Amino acid sequence: MLYYDDDFFNSRQKKEFRINATIVISMIQITIQAVIMVIKGISHFCILYYAGSKHTPAIKYHYHFHRLFNPIFLHGGNGHLLSNLLSQLLLCYSYENRNGTQDFLLLYFLAGIGGNIVSALYFPIATGVGASGAIFGFMGYQLAYLIKTKQPQEKYYGILIVLCIQILLIFEPHTHVDYSAHFGGFFVGILWYQKQKALIGLLLLLGCACIFLIDVPDQRYC
């Protein structure tokens, strides 16, 4: 039987390991990456594009709104996937056990979509994939909690570990870190801690509307 630290930041109590939505999402991401790796006859870039990578012209001109959701399950390479899985398990697993699966799923996908919206606005030409926006939502939530409740310094170690893992992604070949998606997810996490769910929904809708105001040509890469 496996055991884990129920609250990576706040608790020393040990509880039984169990499969939850964090694990299920991680397994889905691993499966998708494995399928992408075995596809032949088409470039990796085009596979991600057809799978629904973030691409502003496709959203604006062809209403591919799934491109704000699908990138959460897609990754640019094995290093990208591994770094996000480690960060995800560190931050999301204990959060879900404390706050419930429904609360976890709402924050995970709202932060992920929020990060992709900011990325679509800030990098309208580039395509993007990854769950970093969703993960940084939990980082924003946790940091807001630690500051608001004036937690001791050692409680911040988990966030520092996740930051170090994400920084290592810089050294992944042919990878460009999308800091705008990180910021978008992080901001959603802070608002989520403050229980500003209506404001989050409003900002996401405004962000989607702003995509249609961007001066970007209608182009596709594949």
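The values are calculated or read from the model by the stated rules, or taken from the named source; none is laboratory data. Keep in mind the model is a prediction, meaning the values are calculated, not measured. Cβ coordinates were reconstructed from backbone atoms using ideal geometry, including for glycine residues, and neighbour counts include every protein chain displayed. Only protein heavy atoms, including side chains, enter the accessible area calculation; ligands, DNA and RNA are left aside. Shrake-Rupley method; radii C 1.70, N 1.55, O 1.52, S 1.80 Å.
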If the label point sits 7 Å along Cα→Cβ of LEU106, residues of region 184-203 with amide N under 14 Å come out as 189, 191-202
Span from the region 45-70 Cα centroid across to the region 85-161 one, whole angstrom: 22 Å
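With an 8 Å cut-off on Cα pairs and a minimum separation of 6 or more residues, tell me the relative contact order of region 55-166 in percent. All intermediate terms of the calculation are to be shown ahead of the outcome.
Details: 111 pairs, mean separation 43.4, N = 112.
This gives 39 percent for region 55-166.
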Calculate, in nm to one decimal, what THR149 and LEU202 gain on full extension: separation in residues at 0.36 nm each, minus their alpha carbon distance. 16.3 nm
With label points set 7 Å from each Cα along the Cα-to-Cβ direction at MET37 and TYR122, the distance between them in nm comes to 3.0 nm
For the pairs LYS54/LYS150; LYS150/LYS197; LYS54/LYS148, note any where the Cα-Cα span goes beyond 30 Å. LYS54/LYS150; LYS54/LYS148
Solvent-accessible area, 1.4 Å probe, carbon plus sulfur percent, for region 49-135: 66 percent
